[in-house]
Amino acid sequence: MKNRFDMRPLLSLIAVLLTCLLPASCLKNDDEIDLTQYNDLFVSSVAFGSMPRYLHTTASDGSDSIFKTTVSAASLYPLSIDHLSNTIYNADSLPLGVDAAKIIFSTFNTSQGTLAIEKPGTEEDTLYTTSDSIDFSNGPRKFKLYGLDGTSRRTYTVDVRIHREATDSLTWRKLTREAWESEERQCGHRGTTFEACGLQFRLRSGGIDVCPAGEEGETAATPDGLEEANAGELPTDNAAWILLDGTADQLTKQALLYGTVQQADSLASRIWRRFIDTTGARSYVWEYLPATVENRFPARALRCPTLLKYDAGLLLVGIDRDGHISLKYSIDGGRIWKNHNYLQLPDELKTRTASSLQASIDAHQNLWLLIDEEETWYGRAHSVAWKTEDGIFIRGLQQR
């Protein structure tokens, strides 16, 4: 019998070499190859590197200049990985001035395989290393992870988000009455009645009545619980209401009532609060929130007031005793009212007097004002209006 050379070890060696070389030498999409994902192929961690940031300044002579600084983005702007949707993004946008054409990653770790990035407008890939500066100026980029078996591939869409507006910037625009009527907004509630959590509250002289929401007539209402010692502090005019989340649990809400009383020749503000148990298991009384001596920033006495939810707090908008528009903000549920850090009235509205005023907030946290039933203004504090997202990092991979 002749001795025959066994080719199987040699063929196995060739297959291994081809497997190792394929991702590095042929990273083009190939319709004839079935490239599928599998659970051992994933991006394990990603982090930004330090990147330049260019800021504009104005000199005392009015000339503009640009200076360069550095952003330590790895610690300040973490990246989230969502393995279910194969997306990578920074939930907190990089600051204004970072060059989108020169994004650097200090870390881009994978479970195995070879990492490539797709050329924009083509189906070609190039090998990627963290020493590369990547251009994101035209939007998200596709990173492709090729497995060691030569056939597996997983594609991640990487979205680098950069603010286009400064944190403390503010935009006001004067619009038409038609613009006010066409936009859906949170308008707040004014008047002597208010419905919340299936109840209707009615403010009257010396008390507040309550009845099931939707029932009409005085006989349907009964006196609601009230701090008797402070009954004389109930507002008599300019009532505004709002429903807030409770501080104890999700089943408890709180109704806030703002209004004014006449004192000598001027108005004084009054604020009351009542908790509402949505299960009906507990009952509460209306509590008076007095303006104490140590509080240097109580609510102003306003005509045409509106209470609005804004930036995790409350806005109180109205007309002060001099006829000027007032805009105050509270983060403690209505005891202390100060100027908001960013949302300020424009100079034109600071000096303007008004006879009537309506205020509302749209879905993007922009303030709308309707002055004297005709003049419409739109105010946008950019950092408040920015969309916020939760960061996602899913360590386990979706089972297929």
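Some notes on this structure:
- Selected residue [closer than 22 Å to Ala301 by Cβ and of a type in the set (Gly, Ala, Ser)] from Ala240, Ala221: Ala240
- Segment 118-175, residues that are free of Cβ contacts under 8 Å to residues at least 60 places away in the same chain and acidic (Asp, Glu): Glu118, Asp132, Asp135
- The listed residue being under 25 Å from the mean Cα position of the chain (by Cα) and in a strand (DSSP E or B), out of Trp180, Trp172: Trp172
- Gly113 surrounded by 15 or more Cβ atoms within 10 Å (Cβ to Cβ) and on the phi > 0 side of the Ramachandran plot: yes
- From the list Gln250, Gln262, the one residue that fits, being out of contact with any strand residue (DSSP E or B) (no Cβ under 7 Å at 6 or more places or on another chain), farther than 15 Å from Ser283 by Cβ and modelled with pLDDT of 90 or more, is Gln262.
- Filtering segment 249-272 to residues that are surrounded by fewer than 20 Cβ atoms within 10 Å (Cβ to Cβ), touching a residue at least 24 places away in the same chain (Cβ under 8 Å) and under 28 Å from the mean Cα position of the chain (by Cα) leaves Leu251, Thr252, Lys253.
- Members of segment 311-362 that are under 30 Å from Asp245 (Cβ atoms), aliphatic (A, V, I, L, M) and assigned to a loop (DSSP other than H, G, I, E, B): Ala312, Ile331, Ile336, Leu343, Leu345
- Among the residues making up segment 274-299, those that are closer than 11 Å to Arg335 by Cα and touching a strand residue (DSSP E or B) at 6+ places or on another chain (Cβ under 8 Å) are Tyr288, Leu289, Ala291, Phe297, Pro298, Ala299.
- If you go through segment 294-304 and keep only what is over 29 Å from the mean Cα position of the chain (by Cα), part of a loop (DSSP other than H, G, I, E, B) and in contact (Cβ under 8 Å) with a residue 24 or more places away in the chain, you end up with Asn295, Ala301, Leu302.
- Test: residue in segment 178-188 that is closer than 15 Å to Trp272 by Cβ, in contact with a strand residue (DSSP E or B) (Cβ under 6 Å, 6 or more places away or on another chain) and in contact (Cβ under 8 Å) with a residue 40 or more places away in the chain: no
- Condition met for Leu316 (modelled with pLDDT under 90 and surrounded by 13 or more Cβ atoms within 10 Å (Cβ to Cβ)): no
- Look at (1) surrounded by 15 or more Cβ atoms within 10 Å (Cβ to Cβ); (2) modelled with pLDDT under 90; (3) among the charged types (D, E, K, R) and you find that Arg154 fails only one, number (2).
- Summed over segment 366-381, residues that are farther than 17 Å from Gln186 by Cβ and either surrounded by fewer than 19 Cβ atoms within 10 Å (Cβ to Cβ) or at pLDDT below 50 (or both) total 4.
- Hey, Arg300 closer than 15 Å to Ile336 by Cα and assigned by TED's automatic domain parsing to the domain that holds Leu199 or not: yes
- Residue in segment 209-248 that is farthest from Phe194 (Cα to Cα), counting only those that are assigned to a strand (DSSP E or B) and within 27 Å of the chain's Cα centre (by Cα): Asp245
- Considering residues of segment 273-293 that are free of Cβ contacts under 8 Å to residues at least 40 places away in the same chain and in a strand (DSSP E or B) only, the residue farthest from Asn238 (Cα to Cα): Asp277
The values are calculated or read from the model by the stated rules, or taken from the named source; none is laboratory data. Treat the numbers as computed from the prediction; the structure is a model and nothing was measured. Note that we place each Cβ from the backbone using ideal geometry, even for glycine, and neighbour counts take in every protein chain shown.
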